[in-house]
Amino acid sequence: MINISKLEVGYERRPVAMPLSGRIVAGSLTAVIGANGAGKSTFLKTLAGLQPAISGSIEFSGSSSKNKRPQLAYLPQQAELDRQFPISVFDLVAMGCWPQSGLFGGISRESERQVLDALQTVGMSEMRNFAVGELSGGQLQRTLFARLLIQQAPLIMLDEPFTGIDSQTTELLLKVIRQWHEQGKTVIAVLHDIAMVARHFPQVLFLSQQQNIWGTADEVLCHFPHRDHACILADEFSEQRRVIS
Ligand SMILES: Nc1ncnc2c1ncn2[C@@H]1O[C@H](COP(=O)(O)OP(=O)(O)OP(=O)(O)O)[C@@H](O)[C@H]1O
């Protein structure tokens, strides 16, 4: 369980969104939505401990040591990745074993098998010796999901995992997310496609400069008259069904 209280996220003491309070229940599947610049990525980075909070608190309960961030797997936006880093698909996925193997340790037979299994799950087995720089956006995203798979973290955070990704890859990766959910992992994903959120994400957090709304998909998405839209525009939000701020 993650308890969030009066959390302000932003840069150089300047908040980029309204203070946020709520909780993320263990095993839940949450979409974070909002217009461009609403603070979704900043919120996710703050939750992951990659960005300091301006004020408020984030408490993790249920992990072995009280209020210690549990092991988490974080997928940044593709734009933040260095595609030219000289590494093969196999080695990029094997980096997910570092917590077990250490930075300079070779990977065990068992880890090697896990890497190959993960590559198979995302349909990248035959490209395992390709350099990452040679991959298409969809192939790179499959590879990064394979790395998330072998990290075996109970908490998974995904920042716009489907932006610019082809529909076949999106369907495959949505299946991986569904499996994580069935295994009881907590998954939080920043998304833009409301129709996809409505279909696949039971919990939704809507961030905006004016207010935040957090609840079930029905509670939150009823504010959007065009639930079949593929993107969220700030002026699409309907005030009439306001629930919480
Ligand atoms: N490193 C940074 N330093 C200062 N301001 C930043 C930094 N990164 C983002 N911002 C600003 O913080 C605000 C929120 O950015 P953020 O990336 O969290 O929004 P977002 O909701 O994820 O947007 P998008 O949907 O476009 O990815 C924006 O106004 C952005 O310009």
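Scanning segment 1-37 for residues that are surrounded by fewer than 20 Cβ atoms within 10 Å (Cβ to Cβ), within 12 Å of the ligand (Cβ to nearest atom) and more than 23 Å from L174 (Cα to Cα) yields G10, Y11, E12, R13, R14, P15, V16, G37.
Let's see how each residue does on (1) in a loop (DSSP other than H, G, I, E, B); (2) in contact (Cβ under 8 Å) with a residue 60 or more places away in the chain; (3) buried (at least 21 other Cβ atoms within 10 Å of the Cβ):
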{"site": "S111", "(1), (2), (3)": "no, no, no"}
{"site": "L116", "(1), (2), (3)": "no, no, no"}
{"site": "R142", "(1), (2), (3)": "no, no, yes"}
{"site": "L149", "(1), (2), (3)": "no, no, yes"}
{"site": "I156", "(1), (2), (3)": "no, yes, yes"}
{"site": "P161", "(1), (2), (3)": "yes, yes, yes"}
{"site": "T169", "(1), (2), (3)": "no, no, yes"}
{"site": "L174", "(1), (2), (3)": "no, no, no"}
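If only residues of segment 50-63 that are at pLDDT below 85 and of a type in the set (S, T, N, Q) are counted, the one that is surrounded by the fewest Cβ atoms within 10 Å (Cβ to Cβ) is S61. Pairs meeting the criteria (first residue in segment 1-30 and within 29 Å of H181 (Cβ to Cβ), second residue small (G, A, S) and near the ligand (Cβ under 9 Å from one of its atoms), beta carbons under 7 Å, at least 6 apart or on different chains) are V9/A17; V9/G39; V16/G10; V16/G39; A17/A38; A17/G39. Under the condition of being buried (at least 17 other Cβ atoms within 10 Å of the Cβ) and more than 15 Å from the ligand (Cβ to nearest atom), which residue from segment 197-212 is farthest from T30 (Cα to Cα)? Among residues in segment 197-212 that are buried (at least 17 other Cβ atoms within 10 Å of the Cβ) and more than 15 Å from the ligand (Cβ to nearest atom), the one farthest from T30 (Cα to Cα) is A198. Is it fair to say K40 is over 21 Å from T143 (Cβ atoms), in contact (Cβ under 8 Å) with a residue 60 or more places away in the chain and among the charged types (D, E, K, R)? Judged against the criteria, K40 is a match. What number goes with the only condition from (1) modelled with pLDDT under 85; (2) outside the structural domain of K185 (by TED's automatic domain parsing); (3) touching a strand residue (DSSP E or B) at 6+ places or on another chain (Cβ under 9 Å) that K66 does not pass? Tallying (1) modelled with pLDDT under 85; (2) outside the structural domain of K185 (by TED's automatic domain parsing); (3) touching a strand residue (DSSP E or B) at 6+ places or on another chain (Cβ under 9 Å), K66 fails exactly one: (2). Can you pull out the residues in segment 111-130 that are among the hydrophobic types (A, V, I, L, M, F, W, C) and either in contact with a helix residue (DSSP H, G or I) (Cβ under 6 Å, 6 or more places away or on another chain) or at pLDDT below 95 (or both)? Result: V115, A118, L119, V122, M124, M127, F130.
The values are calculated or read from the model by the stated rules, or taken from the named source; none is laboratory data. Everything numeric here is computed off the predicted structure, so don't read it as measured data. Please note: Cβ atoms are built from the backbone with ideal geometry, for glycine as well, and neighbour counts cover all protein chains shown.
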